[in-house]
Amino acid sequence: MRVQIGVITTYDDVPREVAEKARRLARKLAELGCIVITGGDGGVMKIIAEEVHRAGGVAVGILPIEAEEWSEKHPWHNPYNTVEIRTGMTYTARSAIVVRSSDAIILVAGGAGSLTELAMAYNTGIPVVVLTGTGLLADELRKRFPEGYLDHRRLVKLVYASDPEEAAEKAHELALKRRRRN
């Protein structure tokens, strides 16, 4: 059974070691046969799509309206998406499509947009794996929510992993379980 894994992350530049973790994650997701979904634009999303593409996998970019007409010269243009979904929606609105189209989510680094997507996943019961050691939101979550729950409802337990391959395998396993339940 093929699953769809959303990678929520940042469009900002990241340190070399974070970029390498993202590449390893993407290669493992492609190796597992996952369809990888991102927000479709630059930064770590571009790194993920490029590595999935190189590994022969499928990378789906869910583009916000702002990105639909970017030229190849735009710094966030992403030529590695296998499929582009032009949503006609703002960044925040397109996040719902990224999350709801995913059987599981992996958070890499991440900022405010990723926090929005994380909350959507949590509230809708979509499993989340947090790749720690990637900075920003991903590293703050473990400090703030060491037990893995965002609130008293305990809807979905965040799974923390520092190894990219382990994060991919855990997300794949959680996605399969979710698919079998639904």
For this session: Please state the charge dipole magnitude for the chain, taken about the Cα centre, from unit charges on C-beta atoms (+1 on K and R, -1 on D and E), reported in debye and rounded to the nearest 20.
Result: 780 debye
For this session: Relative to the longest principal axis of the C-alpha atoms of the chain, give the angle of the C-alpha long axis of helix 44-54, reported between 0 and 90° and rounded to the nearest 10°.
Result: 80 degrees
Problem set entry | Rounded to 5, percent antiparallel among DSSP beta bridges of the chain | 0 percent
Problem set entry | Residues with amide H under 5 Å from that of Val128, placed H, sequence gap 5 or more | Ile105, Val159
Exercise. Can you list the lysines whose alpha carbon is less than 21 Å from that of Lys170, not counting same-chain residues fewer than 8 positions off?
Worked result: Lys21, Lys28, Lys143, Lys157
For this session: Would you mind counting up the charge near Glu50? Only other residues with Cβ under 14 Å from its Cβ, with Lys and Arg at +1 and Asp and Glu at -1.
Result: +2
For this session: Quick one: work out Rg over Rh on the C-alpha atoms of the stretch 18-84, Rh as Kirkwood radius.
Result: 0.97
For this session: Could you compute the FRET efficiency for Val83 and Ser162, with r as their C-beta to C-beta distance and R0 at 45 Å, rounded to 0.05?
Result: 0.90
For this session: Work out, step by step, the length gained on full extension between Glu68 and Arg179: first 0.36 nm times the residue separation, then minus their alpha carbon distance; give nm to one decimal.
Result: 36.9 nm
Seminar exercise, completed: Note to self: C-alpha centroids of the stretch 57-131 and the stretch 36-50 sit apart, in Å, by 8 Å
Problem set entry | Surface/4 estimate of mean projected area, convex hull on alpha-carbon atoms of the stretch 4-181, nm² | 9.1 nm²
Problem set entry | Helix axis angle, 16-31 relative to the chain longest principal axis, alpha carbon, degrees | 80 degrees
Seminar exercise, completed: By Cβ neighbour count within 10 Å, fewest first, Asp103, Asp13 rank Asp13, Asp103
Seminar exercise, completed: For the stretch 132-182, shape from the Cα gyration tensor axes a ≥ b ≥ c, cut at a/c of 1.5 then a/b versus b/c, turns out oblate
Exercise. Relative to the present Cα-Cα distance, how much length would full extension add between Thr92 and Arg54 at 0.36 nm per residue of separation?
Worked result: 10.8 nm
Exercise. In deg cm²/dmol, rounded to 500, what helix-only [θ] at 222 nm does the chain give when every DSSP H run of at least 4 residues adds -39500 (n - 2.57) and the total is split over its residues?
Worked result: -13000 deg cm²/dmol
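We did not get these values from a lab; they are worked out from the coordinates using the rules stated. Computed from a prediction, not measured in an experiment: that's the story for all the values here. Note that each Cβ is placed from the backbone with ideal geometry, even for glycine, and that neighbours are counted across all protein chains shown.
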